[in-house]
Amino acid sequence: MSGDIVPYANKIITMIEQARQNTLQSINAELIRLYWSVGEYLSEESANSTWGGSFVDVTARYIKDNCPGIRGFNRRSLYRMRQFYETYKDNEFVSPLVTQISWTNHLLIMSGAKSIQEKEFYIALCIKEKYSKRELERQISSGYYHRYMLAPKMPEPANDSHSENVRFLDNYVLEFLDLPDKFSESDLKRTIIQNLKNFILEIGRDFTYVGDEYRVQVGKSDYYIDLLFYHRELSCLVAFELKIGNFQPEYLGKMNFYLEALDREYKKIDENPSIGIILCAGKDDEVVEVAMSRSLSPTVVAEYALKLIDKKLLEQKLREFKGLLENSEQDAP
């Protein structure tokens, strides 16, 4: 691509990403307004209806029996919506702000913050710092509100999330849109890959993007690498593979297979052997493994490792992205 076109193309990419983010924010706001309205209706009808305290239970059972395709409105979810409305209905500070954070973060604040003042604090902090679920959990579990109250001049924690798309792609939003079940893993993996690509280009020194779902042909078979970059200083191709689940030894074997194919068919004569990076988003941890040619000496391997993105930083970003793949399980009555 000619250098002259780069700023114009980047401008269009920025416009696309901004439109995506605006759409996600609009959907999130509509979802929160719906939950507020449902909560208000349930609260008022529970007080006035002949069903009394069982009104929510009866309503949840009816929705389940008559509209099985509607997800996210089981018994516990409806009680949460009623609690949401009743918690903030008379709060002039919170009411205008409720649509600006995700439903998942609302649930964390309602369950983790005891006083209304603490709830107000975390809502405002979420809006200011644009917290993900994991970031908010960390602040609540560390008692940040109480530490802040004891030391009013304590600086607010820095936001370490760089992905606007990740922030609002809440599982409840996906459920609200009634996306098919098969969407969750394949399409969300694609979302993570795109965010990972942006992160690598932003943070990774000397990385040049080559392609995603990059096809390599071995014999009569085609294989696809999740992300492929070229590292200018190391003069080699760098392949990234994202795996959902715990690390398996066979992943290294498959990556070495990809690297051999790249070196045989795509590497130029004056370039160095290709490098592979495997990212595994397991249930309880995140693993980053690097695969390099066995022909490289330990000294060269150590030099390469210093010039790649730090494994701990990749694990941290993978931990943030992994939240996208947490399934929204239906709570038992």
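Of the residues that make up segment 28-47, is at least one among the charged types (D, E, K, R) and within 30 Å of residue 195 (Cβ to Cβ)? I'd like the intermediate steps shown before the answer.
Here is the first cut: in segment 28-47, the ones among the charged types (D, E, K, R) are 30, 33, 40, 44-45.
Those left that are additionally within 30 Å of residue 195 (Cβ to Cβ): 30, 33.
Scanning segment 28-47, I find at least one residue that is among the charged types (D, E, K, R) and within 30 Å of residue 195 (Cβ to Cβ), so the answer is yes.
I'm trying to understand the selection: among the residues of segment 261-315, which are of a type in the set (A, V, I, L, M), in contact with a strand residue (DSSP E or B) (Cβ under 6 Å, 6 or more places away or on another chain) and under 17 Å from residue 232 (Cβ atoms)? Explain how you work it out, then say what you get.
Step one: list which residues in segment 261-315 are of a type in the set (A, V, I, L, M), which gives 261-262, 269, 275, 277-279, 281, 287-288, 290-292, 296, 300-302, 305-306, 308-309, 313-314.
Remaining after also requiring in contact with a strand residue (DSSP E or B) (Cβ under 6 Å, 6 or more places away or on another chain): 261-262, 275, 277-279, 281, 287-288, 290-292, 314.
Within segment 261-315, 262, 275, 277 meet the criteria.
Identify the single condition in (1) surrounded by fewer than 19 Cβ atoms within 10 Å (Cβ to Cβ); (2) closer than 30 Å to residue 316 by Cα that residue 102 does not satisfy, given that it satisfies every other one.
Tallying (1) surrounded by fewer than 19 Cβ atoms within 10 Å (Cβ to Cβ); (2) closer than 30 Å to residue 316 by Cα, residue 102 fails exactly one: (1).
When you look at residue 35, is it on the phi < 0 side of the Ramachandran plot, buried (at least 17 other Cβ atoms within 10 Å of the Cβ) and either part of a helix (DSSP H, G or I) or small (Gly, Ala, Ser) (or both), yes or no?
yes
Being surrounded by 20 or more Cβ atoms within 10 Å (Cβ to Cβ), farther than 21 Å from residue 320 by Cα and either without any contact (Cβ under 8 Å) to a residue 24 or more places away in the chain or not basic (Lys, Arg) (or both): is that true of residue 262 here?
Numbers: surrounded by 20 or more Cβ atoms within 10 Å (Cβ to Cβ): yes; farther than 21 Å from residue 320 by Cα: yes; either without any contact (Cβ under 8 Å) to a residue 24 or more places away in the chain or not basic (Lys, Arg) (or both): yes.
Considered against the rule, which asks whether it is surrounded by 20 or more Cβ atoms within 10 Å (Cβ to Cβ), farther than 21 Å from residue 320 by Cα and either without any contact (Cβ under 8 Å) to a residue 24 or more places away in the chain or not basic (Lys, Arg) (or both), residue 262 comes out as yes.
Determine which member of the set 246, 272 is over 27 Å from residue 202 (Cβ atoms) and in the same structural domain as residue 314 (by TED's automatic domain parsing). First the steps, then the outcome.
Values: 272 fails: over 27 Å from residue 202 (Cβ atoms).
The conditions single out 246.
For residue 35, state whether it is over 16 Å from residue 172 (Cβ atoms) and of a type in the set (Phe, Trp, Tyr). Can you show your working first?
Values: over 16 Å from residue 172 (Cβ atoms): no; of a type in the set (Phe, Trp, Tyr): yes.
No; evaluated as a whole, the condition is false for this residue.
Just name the residue that is nearest to residue 122 (Cα to Cα) out of those in segment 74-97 that are in a loop (DSSP other than H, G, I, E, B) and free of Cβ contacts under 8 Å to residues at least 24 places away in the same chain. Even if it seems obvious, please write down each step before you answer.
Step one: of segment 74-97, the residues in a loop (DSSP other than H, G, I, E, B) are 74, 89-94.
Now restrict to residues that are free of Cβ contacts under 8 Å to residues at least 24 places away in the same chain: 90, 92.
On the way: 90: 18, 92: 16 Å.
So, considering only residues that are in a loop (DSSP other than H, G, I, E, B) and free of Cβ contacts under 8 Å to residues at least 24 places away in the same chain, the one nearest to residue 122 (Cα to Cα) is 92.
Keeping to segment 11-32, report how many residues are exposed (fewer than 14 other Cβ atoms within 10 Å of the Cβ) and among the hydrophobic types (A, V, I, L, M, F, W, C).
5
Give the residues of segment 109-132 that are surrounded by fewer than 20 Cβ atoms within 10 Å (Cβ to Cβ) and under 19 Å from residue 34 (Cα atoms), sorted by residue number.
Taking segment 109-132 as the starting set, the residues that turn out to be surrounded by fewer than 20 Cβ atoms within 10 Å (Cβ to Cβ) are 110-118, 120-121, 124, 127-130.
Correct list: 110 only.
Being at pLDDT 80 or above, buried (at least 17 other Cβ atoms within 10 Å of the Cβ) and either out of contact with any helix residue (DSSP H, G or I) (no Cβ under 6 Å at 6 or more places or on another chain) or of a type in the set (D, E, K, R) (or both) narrows it down to one of 313, 279, 252, 308, so name that one. Walk me through how you get there before you give the answer.
On the way: 313 fails: buried (at least 17 other Cβ atoms within 10 Å of the Cβ); 279 fails: either out of contact with any helix residue (DSSP H, G or I) (no Cβ under 6 Å at 6 or more places or on another chain) or of a type in the set (D, E, K, R) (or both); 252 fails: buried (at least 17 other Cβ atoms within 10 Å of the Cβ).
Within the list 313, 279, 252, 308, the selection yields 308.
How many residues are of a type in the set (A, V, I, L, M) and either more than 16 Å from residue 308 (Cα to Cα) or surrounded by fewer than 16 Cβ atoms within 10 Å (Cβ to Cβ) (or both) when one looks only at segment 207-249? Before the answer, list the steps.
Just the residues of segment 207-249 that are of a type in the set (A, V, I, L, M), to begin with: 210, 216, 218, 225, 227-228, 234, 237-239, 242, 244.
Then keep just the ones that are either more than 16 Å from residue 308 (Cα to Cα) or surrounded by fewer than 16 Cβ atoms within 10 Å (Cβ to Cβ) (or both); that gives 210, 216, 218, 225, 242, 244.
Selection size over segment 207-249: 6.
Kindly provide the set of residues from segment 282-310 that are without any contact (Cβ under 8 Å) to a residue 60 or more places away in the chain and of a type in the set (A, V, I, L, M, F, W, C), ordered by number. Spell out how you get there, then give the answer.
Of all residues in segment 282-310, those without any contact (Cβ under 8 Å) to a residue 60 or more places away in the chain come to 282-303, 305-306, 310.
Across segment 282-310, the qualifying residues are 287, 288, 290, 291, 292, 296, 300, 301, 302, 305, 306.
State yes or no: is residue 95 touching a Phe, Trp or Tyr at 6+ places or on another chain (Cβ under 7 Å) and small (Gly, Ala, Ser)? If you could, list the steps in order and put the result at the bottom.
Details: touching a Phe, Trp or Tyr at 6+ places or on another chain (Cβ under 7 Å): yes; small (Gly, Ala, Ser): yes.
Against the criterion (touching a Phe, Trp or Tyr at 6+ places or on another chain (Cβ under 7 Å) and small (Gly, Ala, Ser)), residue 95 qualifies.
Residue 17: modelled with pLDDT of 80 or more and of a type in the set (D, E, K, R), yes or no? Can you show your working first?
Details: modelled with pLDDT of 80 or more: no; of a type in the set (D, E, K, R): yes.
In short, no.
The values are calculated or read from the model by the stated rules, or taken from the named source; none is laboratory data. In this text the structure is predicted, and so the values were computed from the model without any measurement. Glycine gets a Cβ as well: all are built from the backbone with ideal geometry, and neighbour counts include every protein chain shown.
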